[in-house]
Structure formats: C-alpha cells, structure tokens
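Take a look at the structure set out below.
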Amino acid sequence: MKRLVVSAIALAIAISAPAAAQTVDPAAEARIRGDITFLADDALEGRKPGERGYELAALYVQTRMQAMGLTPGVDGGWMQPVTFARTGIAEAGATLTWTPAGGSPVVWRNGEGGLISAGSEAGHDAVSAGVVFVGYGIDSPAQGMDDYAGLDVGGKIVVMLAGAPAGLPSEIAAHLGSGKAATAARHGALGVITVNTEASGRRFTGELMRRFANRTQTAWVGADGKPNGAGGGARFGAYLSDESAAALFAGAGKSYADIRAEAAQDGGRPKGFVLDGQAAFDVNTRRDDFQSANVIGVIPGSDPAVRDEMVVMTAHLDHLGISPEGEDRINNGALDNAGGVSIMLEAARSLIASPPRRSVMVVALTAEEMGLLGSDYLARHPVVATDKVIADVNLDMPILTYAFTDVVAFGAEHSTLGPLVDQAARAEDLTLSPDPMPEQGVFTRSDHYSFVKAGVPSVMLATGYANGGEAEWARFFAEGYHQPSDDLSLPFRWDAAAHFARVNAAIARAIADAPERPMWYENNPFGDQFAPDAPKAPAPAAE
C-alpha cells in the first residue's frame, strides 16, 4: 500500500509539473554524449570521406542502428556505396587567354588573375571561342527572368555576374545563383567565366588566388564512369579577379565598373551583349577516384496501408578531415555534425519503440562538406521507389551549448510540413521561429536541398536564437565553425541535446502519422519548379 501511495503521489507531481521537468532523461543524455564522444574523437581523424576515419564512423553508426533494431535499408545491407571523382589542375597547369579584337592577348594563369576549373576527365582539353556577356546568366520562367533572351551563345564562352540580382529574398537568390553553369550549357555555351558583384561578397586577393589554385573539386560518379554534371554542365569554367574582369570589358560598350554599379541596385539586371574578341581555355586535369557510403536503416511503419511511404531523417556523418597545418590539425566536427547524427540516432530510438504509421528511413550521409554529394546521390538513386519518399527532415549542426526555447525549421514556409513542425514543437513547449539568418541562404546549403530538387518537401531543423541562442550561434561561427576547435571541449548541454532529440522524433512522427502526405504550397517557386505535377495545397493567408 505504501508503494502505491508513493506512486500515486509521484504521478500527481508529474501531472502538475511543467513540461521541462517531466522530460529529464539521463539515459538519453548519456547515449547522445557517448555517440558524440566517439564520433568526434581524434581517432576518427575528422571523418573525411574516402579515409579510414569516415569508414570507422560509418561502421559505428551501422552497429548502433543494428542494436536499436532498425532493418537494413539497402538491398539487405546498410551501406549505399558511392564512387567519387576528385579532380584538380594538373602540374602542366591551365590558362585562360583573352584576345580583344585588334588587341594583344592577355593571359591569366590559374591562380594568377583567375581561378580555372579542372575538367571532368584526366588529360588535356582546349577551346577557343567568341564571348558573350549574359548578365547574371539566369533563365527562370517562374521568376520572369531570361538573361539569354535575344542572345546566341551556342558554341560560345559566356561571361556572367556571380550570384543573383540584389533585392531578391535570400532563398530565391541562393536558388537562382546555383546551377548557372548547367543553364549555360543548356543554351549551348562551351564555357563560363564568372566575375564579381557587390552582393557576391567574393574578393580574391593575389594570395588567396594562389592558395585556391591547388583546390580540388569532387563529384559522384555515375554508372557510365563520368562525374555527375560532366554531361550537363559547361565544359570549361573560370572565376576572374576584379582586375582581370576590368581588362575583359575594356573597350566594350559598358565597363566592368558600370556593370557593377548597375548590378548593385535593387533589381539591377545588366543586359547582355557580345564582347568583341576571343577567349581560349587550355586546361590540364588530374583525377583520382575514391569510395565512401551513405549508412541507411529503416523503421518499418505500423500501418500496412501506408507502410511503403517513407519519411526520411538525414544527418551528414562526414567532416573536413585533417588540416595541412596548425598545432591542432584534426577537424573533429563535434557540433558539425556529430551532434546531428547523434540526435538523429536518439530520435530513431524513440520512434522504433513505438513505430508511426509510415516507415522512417534513417540516413547518415557522406560528402556533405564536399557539396551535398551523398544526399544528391541518394536523392537521384533512391533505395525505394521515388514516389514513396514523402518528406525529408534534416539535422545539420545543431548548437547544443545552451537551453534553447525555440527551434527553426528552414524551409517550413514552403509546404504543409510547416504546420506539422509547429504543432510538434509546441507539444515540446518550444516555439517555431522564422529563419533568423536569411542572408546565409541556409535552405539551399544543406542536405535537405538535394531532396527539394527531387521534388520532396523538406526542412532542416536547428536550435533557435531565443534564450541566448543568437550569441551562441555567433560564437560558434566566429570560433568553431569548420575549425579544429569544434571539438569535445565545447560546453555541451546534454539536457538540451536530449530535448532536441525529442522534438525531432516528434516532428518525424507527426509527418509519418499525418492523414495526408506533405504537399508544396500553390505558387511556391520550389514546388513549381521541382514538383510541377504534384498536388499542391492552398498557401496560408499572410499574417
């Protein structure tokens, strides 16, 4: 009887206690702490794809999925192997030569006046062609923009401004600013030369040019052995310094300074015109291939009617590896993104204890730091039927060093995921806040965007700016982001980490249990472009 009385009192206290007091979970905190401690240890050497540290991290995540009872997600296995091609300028070098009509040639070597992109295959490649300035190089019917109108760029080299017109919403600007080389190629261009704008924020000094001259580019390799983009992107590419760009436009109808001034105005869109002269690329490329893998497990849904539909939870497992110099050279990536992976695993543990109606695919992604490559490969090579992937909830770099009271779901405003996320957050006594850093264009910069481009409504979850969060985000960007100091010495709040896992599990469950699949809103630029034939929901009224 005494035990029953004590239990009744404890129950009464729990019912009357505030939500935060009910959800203290030392076991969850210990599991998350253990996962981050392993994944961010020096022994994993920064988890760089293609290297031993990443392979150990992937094996660790696989065994955690197995221990929790997830089922293998890739034809009876856990790993989705991906081949990557790493290309760079070979020792023989690369040059871009500009010869104005009636003038003397100007030669820019890679790292001296410009940065020249390597080709997709090892060896030598060259071309000489006429040159056309195409403004920002954007062709977007949805936005009413066609910088190629009236211009013939077939077999030519195009020159374009970096980024997108000033004054656009940040997510739209970031979206329009990506993929412009592919747009040029669709119009028949052989190469792309990019020049600065005020909004692009890129200022390459001579020292930086020389440092970036040795950079490499990475792409996943298709079944044909060609790197992704090799068949759809422009064959040649370069980025010019301001001084080189001024020389390129010398003698043209508009100077580079005039074009820059016009582009700096809100809505400024300099018109294209033919440059009187010839440009010649001469490029020597080196290439080496390596292997890495996405780790995939599945929580089977409980409702046979919708069990074949998948809500995807993603977090990138990779980081930057070992820096070439410095006293502490290992980029441990404790918050970025051992934290995200560990939160995802804890959320999966909660879901598998009581599976939702739809299935949940849990994915630790490779090669995010190389350009969202692992997620892009998965989105283009899904392990289930394409139409069965209904949403992606992505976790990337949650700041777990303070007691957060709000969360941000980047992209929530574009689809019916928004109300589901809001409801789940409220149930955890949290506020859903709008994007606090729109200038960063976060919606297009993490793995969820690969699913967006596949037509899948997606969000990225992060801790918010309230209750000291803004200062913590600022501190991390200044002192830890992509630096060896993002390690286990950070002042982790393990209670906050457990809370973030709970809200992420609640969000995934809300999506998986919802009566209908998520839908893009009507007249949304992302839904209209990437899922034009999918059913749309009426957009909510503006507040």
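Do we have residue 400 as under 18 Å from the mean Cα position of the chain (by Cα), of a type outside the set (Val, Ile, Thr) and surrounded by 19 or more Cβ atoms within 10 Å (Cβ to Cβ) here?
Taking the combined requirement at face value, the residue does not satisfy it.
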Original post:
Would it be correct to say that residue 321 is in contact with a helix residue (DSSP H, G or I) (Cβ under 9 Å, 6 or more places away or on another chain) and at positive phi?
Top reply: yes
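Select from the stretch 509-531 the residues that are assigned to a loop (DSSP other than H, G, I, E, B) and at pLDDT 95 or above and write down the one among them that is farthest from the chain's Cα centre (by Cα).
The selected residue is 515.
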**OP:** Just give me the residues in the stretch 58-87 being buried (at least 19 other Cβ atoms within 10 Å of the Cβ) and closer than 28 Å to residue 214 by Cα, in sequence order.
**Re:** 82, 84, 85, 87
Original post:
When only residues in the stretch 152-195 that are closer than 21 Å to residue 130 by Cβ and among the charged types (D, E, K, R) count, which is surrounded by the most Cβ atoms within 10 Å (Cβ to Cβ)?
Top reply: 180
Subject >> Residues located in the stretch 454-489, provided they are buried (at least 21 other Cβ atoms within 10 Å of the Cβ) and either under 19 Å from residue 38 (Cα atoms) or not hydroxyl-bearing (Ser, Thr, Tyr) (or both) >> reply: 456, 457, 459, 460, 461, 462, 464, 469, 473, 480, 486
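Kindly indicate whether residue 315 is among the hydrophobic types (A, V, I, L, M, F, W, C), open to solvent by 30 Å² or more (accessible area, probe 1.4 Å) and out of contact with any His (no Cβ under 7 Å at 6 or more places or on another chain).
On the way: among the hydrophobic types (A, V, I, L, M, F, W, C): yes; open to solvent by 30 Å² or more (accessible area, probe 1.4 Å): no; out of contact with any His (no Cβ under 7 Å at 6 or more places or on another chain): yes.
Criteria not met by residue 315.
Table: residues versus (1) in contact (Cβ under 8 Å) with a residue 60 or more places away in the chain; (2) farther than 30 Å from residue 104 by Cα; (3) surrounded by 19 or more Cβ atoms within 10 Å (Cβ to Cβ).
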| site | (1), (2), (3) |
| --- | --- |
| 251 | yes, no, no |
| 290 | yes, yes, no |
| 303 | no, yes, no |
| 311 | yes, yes, yes |
Subject >> Residue list for the stretch 438-450, restricted to those being buried (at least 16 other Cβ atoms within 10 Å of the Cβ) and under 17 Å from residue 177 (Cβ atoms) >> reply: 441, 442, 443, 444, 445, 446, 449, 450
Original post:
Out of the stretch 255-276, which residues are assigned to a strand (DSSP E or B) and surrounded by fewer than 20 Cβ atoms within 10 Å (Cβ to Cβ)?
Top reply: 273, 274, 276
**OP:** Answer yes or no: is there a residue in the stretch 76-95 that is outside any loop (DSSP other than H, G, I, E, B), at pLDDT below 95 and out of contact with any strand residue (DSSP E or B) (no Cβ under 9 Å at 6 or more places or on another chain).
**Re:** no
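From the list 118, 126, 149, which one is open to solvent by 40 Å² or more (accessible area, probe 1.4 Å), more than 30 Å from residue 354 (Cα to Cα) and part of a loop (DSSP other than H, G, I, E, B)?
Working: 118 fails: open to solvent by 40 Å² or more (accessible area, probe 1.4 Å); 126 fails: part of a loop (DSSP other than H, G, I, E, B).
Sole residue among the options that is open to solvent by 40 Å² or more (accessible area, probe 1.4 Å), more than 30 Å from residue 354 (Cα to Cα) and part of a loop (DSSP other than H, G, I, E, B): 149.
Every residue, every condition in (1) small (Gly, Ala, Ser); (2) in contact with an Asp or Glu (Cβ under 9 Å, 6 or more places away or on another chain), yes or no:
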{"position": "333", "(1), (2)": "yes, yes"}
{"position": "351", "(1), (2)": "no, no"}
{"position": "360", "(1), (2)": "no, no"}
{"position": "369", "(1), (2)": "no, yes"}
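Kindly evaluate residue 387 against the criterion of being of a type in the set (Asp, Glu) and either open to solvent by 10 Å² or more (accessible area, probe 1.4 Å) or farther than 25 Å from residue 59 by Cα (or both). Even if it seems obvious, please write down each step before you answer.
Working: of a type in the set (Asp, Glu): yes; either open to solvent by 10 Å² or more (accessible area, probe 1.4 Å) or farther than 25 Å from residue 59 by Cα (or both): yes.
Answer is yes for this residue.
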Original post:
Hey, does the stretch 489-497 have a residue that's among the polar types (S, T, N, Q) and free of Cβ contacts under 8 Å to residues at least 12 places away in the same chain?
Top reply: yes
Original post:
Restricting the first residue to the stretch 20-41 and requiring it to be within 15 Å of residue 403 (Cα to Cα) and part of a helix (DSSP H, G or I), which pairs with a second residue that is at pLDDT 95 or above and open to solvent by less than 60 Å² (accessible area, probe 1.4 Å) meet a Cβ separation below 6 Å and a spacing of at least six or different chains?
Top reply: 29/494; 29/498
Original post:
Which members of the stretch 234-245 meet the condition of being open to solvent by 50 Å² or more (accessible area, probe 1.4 Å) and not in a loop (DSSP other than H, G, I, E, B)?
Top reply: 243
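The values are calculated or read from the model by the stated rules, or taken from the named source; none is laboratory data. Computed from a predicted structure; not experimentally measured. Ideal geometry is used to build each Cβ from the backbone, glycine not excepted, and the neighbour counts take in all protein chains shown. With ligands, DNA and RNA removed, areas are computed over all heavy atoms of the protein, side chains included. Shrake-Rupley method; radii C 1.70, N 1.55, O 1.52, S 1.80 Å.
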